[in-house]
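A quick write-up on the structure given underneath.
Laboratory data are not the source of any read-out in this text; all were calculated from the coordinates shown. This one's a predicted model, so the numbers in the text were calculated from it and none came from an experiment. Positions of Cβ are backbone-derived with ideal geometry, glycine not excepted, and every protein chain shown enters the neighbour counts.
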Amino acid sequence: MRSSNLRIFLLGGLLVAIGLALLVSGFASSSPDGLNKVAEDHKVAEDHGFAANARQHLFENGPWPATPSRV
Amino acid sequence: MHIPDGFINAPTSLAAGAVAAGGVGVSLRRAAETLQEKQAPLAGLVAAYIFAVQMLNFPVAAGTSGHLLGGALAAVLVGPWAGALCVSVVLLVQGLLFADGGLSALGLNIVNMALVTAWGGYAVFLLLRRALPATKTSVTVSAGVAAGISVVLASLAFVVEYAIGGNGGASVGTVFAAMVGVHTLIGIGEGIITALTVGVVLGVRPDLVYGAADLQTPLVLATNPGDTAREAS
């Protein structure tokens with residue numbers, strides 16, 4: 001009884017997580033997050049700025065070709 | 001608040017990598033000692049949930065968003081050790097597969113968003129629990145407030161890293177003011193999401209919440225005199 005309850009709880013939790021990821025993520029704000037915004041705002045000079053130092057990720061498009069990348 | 005490659009110099013990133021590896025190692029050992037069998041699958045669910053909710057950026061001010069970090073939430077649900085591991089796994093997958101957070105900054109990101117939020121958040125949670133009455137509501141409120149503070153702690157950890165090895169031109173004071181300001185706002189969102197989640201789990205399966213283990217009253221077999229006689233007859 002107890003273990004089947006746990007199974008239902010875990011399944012329910014997983015469904016909530018998948019639902020949030022698939023349905024609610026469309027409404028997510030596309031503005032830069034706190035750290036990125038601070039980085040953008042405090043560009044002291046074009047090439048010495050904070051954000052200008054961010055390099056492209058080595059796996060920008062995932063470790064394999066043509067993977068949809070999170071924005 | 002995933003740090004991309006190039007924000008913090010290589011020696012600082014490397015040092016943070018060593019701290020992160022040590023922290024994950026300690027967490028692995030302590031989680032193996034303390035995690036109850038029924039909580040192991042919950043730790044997996046917590047990691048999946050944090051991964052999903054981290055995608056849901058909420059607006060906090062004009063042109064700025066924030067998302068759940070999840071360390072304090074994980075710590076309240078499965079304990080600070082397993083909780084730090086949950087977020088570390090999420091950060092590892094994001095850094096390797098989703099270009100979210102630089103590879104060279106993985107150590108920095110684990111320190112800020114997994115170790116500082118899970119351990120720091122849980123420490124604040126324990127302090128609040130001590131000050132408040134031993135009720136489910138106190139657990140929910142403590143979790144929410146601790147989660148909010150944990151985001152500010154994580155932003156402070158970034159400021160320390162920037163002060164040690166920042167590559168940008170902005171002064172440490174400027175970065176400090178900007179980071180703490182915006183992450184206080186993001187912390188409010190983190191607190192609300194954490195309190196809602198902990199509240200739901202406390203409502204459905206309070207026995208699974210690590211941070212509420214003291215509220216569990218042991219099952220007492222109440223017997224009336226004569227019961228055994230009736231059973232025997």
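Taking Cα atoms of segment B:10-232, Rg/Rh with Kirkwood Rh, to two decimals?
1.08
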(message) Can you tell me how the protein assembly as shown classifies by the Cα gyration tensor, rounded, prolate or oblate, using a/c under 1.5 as the rounded cut?
(response) prolate
(request) Quick one: net charge around B:G66, please, counting Lys, Arg +1 and Asp, Glu -1 for every other residue with C-beta under 10 Å from its C-beta. (result) -1
(message) Quick check: the angle from helix B:40-53's long axis to the longest principal axis of chain B, C-alpha only, nearest 10 degrees?
(response) 40 degrees
(request) Pop the C-beta distance of A:V24 and B:V93 into the FRET formula with R0 = 25 Å and round what comes out to the nearest 0.05. (result) 0.80
(request) Starting from the Cα-Cα distance between B:A10 and B:R29, subtract it from 0.36 nm times their residue separation and give me the gain in nm to one decimal. (result) 4.0 nm
(message) Can you compute the charge dipole magnitude of chain B about its Cα centre, using +1 on each Lys and Arg Cβ and -1 on each Asp and Glu Cβ, nothing else charged? Give it in debye, rounded to the nearest 20.
(response) 240 debye
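List A:F9, B:F158 from most exposed to least, where exposure is judged by having the fewest other Cβ atoms within 10 Å.
Final ranking by Cβ density, sparse to dense: A:F9, B:F158.
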(request) Can you tell me the order of B:193-202, B:90-99 when each peptide is scored by its average per-residue count of other Cβ atoms within 10 angstrom, highest first? (result) B:193-202, B:90-99
(request) Could you please report the charge total around B:V198, scoring K, R as +1 and D, E as -1 over all other residues with beta-carbon less than 13 angstrom from its beta-carbon? (result) +2
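Compute the signed sum of charges (Lys and Arg +1, Asp and Glu -1) over the other residues within less than 14 Å, Cβ to Cβ, of B:L85.
Value of the local net charge: +1.
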(message) Using the Cα centre of chain B as origin and beta-carbon charges of +1 (Lys, Arg) and -1 (Asp, Glu), tell me which of B:G66, B:G148, B:P4 is placed farthest towards the positive end of the dipole.
(response) B:G148
(message) Can you order the peptides B:13-23, A:15-25, B:117-127 by their average number of other Cβ atoms within 10 Å per residue, highest first?
(response) B:117-127, B:13-23, A:15-25
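Could you tell me whether segment B:70-159 comes out rounded, prolate or oblate from its Cα gyration tensor? Rule is a ≥ b ≥ c as square roots of the eigenvalues, rounded for a/c under 1.5, then prolate if a/b exceeds b/c, otherwise oblate.
In terms of gyration-tensor shape, prolate.
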(request) Can you tell me the 0 to 90 degree angle between the C-alpha axis of helix B:80-97 and the longest principal axis of chain B, rounded to 10? (result) 40 degrees
(message) To make sure I understand, if each residue's beta carbon is the centre and we count other beta carbons within 10 Å, what order do B:E37, B:E190 fall in, fewest to most?
(response) B:E37, B:E190
